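Peer 1: This is the structure I have questions about; it appears just below.
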Amino acid sequence: MRMYIFYTILAVFTIGMLFLGAEYAFQASYDKTIYPGVYAGTQNLSNAQFSEALNTLEEYTQKVETTPISFTISNTTNRLTLQDIGITLNAEQTLIDSYRAKRASQEFINPITILQDTTIDWHVDIDKDTLYTTLEEEFENQLTQPQEASFTLDNGTLSIN
């Protein structure tokens with residue numbers, strides 16, 4: 001009976017050590033890379049080194065920020081880029097969040113979390129002054145200017161114009 005207990009304890013200890021060793025090996029292998037199944041928007045950053053992931057994010061940023069977008073007001077369409085209206089994608093901060101994804105403050109890795117895909121939101125910087133000024137300039141003739149309200153009393157009915 002004592003040998004059964006001894007072998008049971010030894011087996012549990014061995015299995016525990018194998019799990020700890022596997023976790024350590026996993027964390028060491030992804031020390032300077034992004035975990036599998038991590039996306040920044042639509043960009044797959046799985047298993048990427050920092051420099052590779054940053055290049056991917058910067059290429060995507062350049063493409064998105066220079067692609068024209070159509071804005072339409074009252075049958076007038078203007079094509080503007082995100083750069084034109086003061087919106088920039090922050091590749092560096094997005095990279096930091098991608099690296100931190102699935103790396104919770106827990107002592108041990110949750111294998112279920114590691115196997116699931118995780119999508120990180122892009123960090124977007126908006127210069128509101130540039131946004132408002134550019135849109136006002138582009139659609140100056142289509143925007144109705146504010147007017148003072150006027151009141152009309154007609155046959156006992158009050159109307160606000």
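The values are calculated or read from the model by the stated rules, or taken from the named source; none is laboratory data. All values derive from a computational prediction rather than experimental measurement. Neighbour counts run over all protein chains shown; Cβ positions are idealised from the backbone, glycine included. Heads up: the accessible areas ignore ligands, DNA and RNA and are worked out on the full protein's heavy atoms, side chains in. Shrake-Rupley method; radii C 1.70, N 1.55, O 1.52, S 1.80 Å.
Peer 1: Leaving out ligands, DNA and RNA, what percent of the accessible area of the stretch 30-159 is carbon and sulfur, probe 1.4 Å?
Peer 2: 48
Peer 1: For the chain, find the longest principal axis of its Cα atoms and tell me its angle to the long axis of helix 91-100, 0 to 90°, nearest 10.
Peer 2: 30
Peer 1: If you don't mind, another one. Whole Å is fine, so just give me how far the alpha carbon centre of the stretch 132-161 lies from that of the stretch 34-64.
Peer 2: So the separation of the two Cα centres works out to 47 Å.
Peer 1: Quick check: from the Cα gyration tensor, does the stretch 48-94 come out rounded (a/c under 1.5), prolate or oblate?
Peer 2: Prolate, because a/c is 1.5 or more and a/b exceeds b/c.
Peer 1: Students often forget the sequence filter, so: which lysines lie under 30 Å Cα-Cα from K102 once same-chain residues fewer than 8 apart are removed?
Peer 2: Once the sequence-local lysines are set aside, what remains near K102 is K32, K63.
Peer 1: Sorted by average packing, counted as other Cβ atoms within 10 angstrom per residue and highest first, what order do 147-153, 39-45, 119-125, 12-18 take?
Peer 2: With the highest mean Cβ count within 10 Å placed first, the list reads 39-45, 119-125, 12-18, 147-153.
Peer 1: Related question: Sort 154-160, 127-133 for me by packing, meaning the mean count of neighbouring Cβ atoms within 10 Å per residue, highest on top.
Peer 2: 127-133, 154-160
Peer 1: Next question. Work out, step by step, the length gained on full extension between K32 and Y132: first 0.36 nm times the residue separation, then minus their alpha carbon distance; give nm to one decimal.
Peer 2: Separation in residues times 0.36 nm, less the Cα-Cα distance, equals 31.9 nm.
Peer 1: Test of understanding: express the Cα radius of gyration of the chain as a ratio to 2.2 N^0.38 Å, with N the residue count.
Peer 2: 1.89
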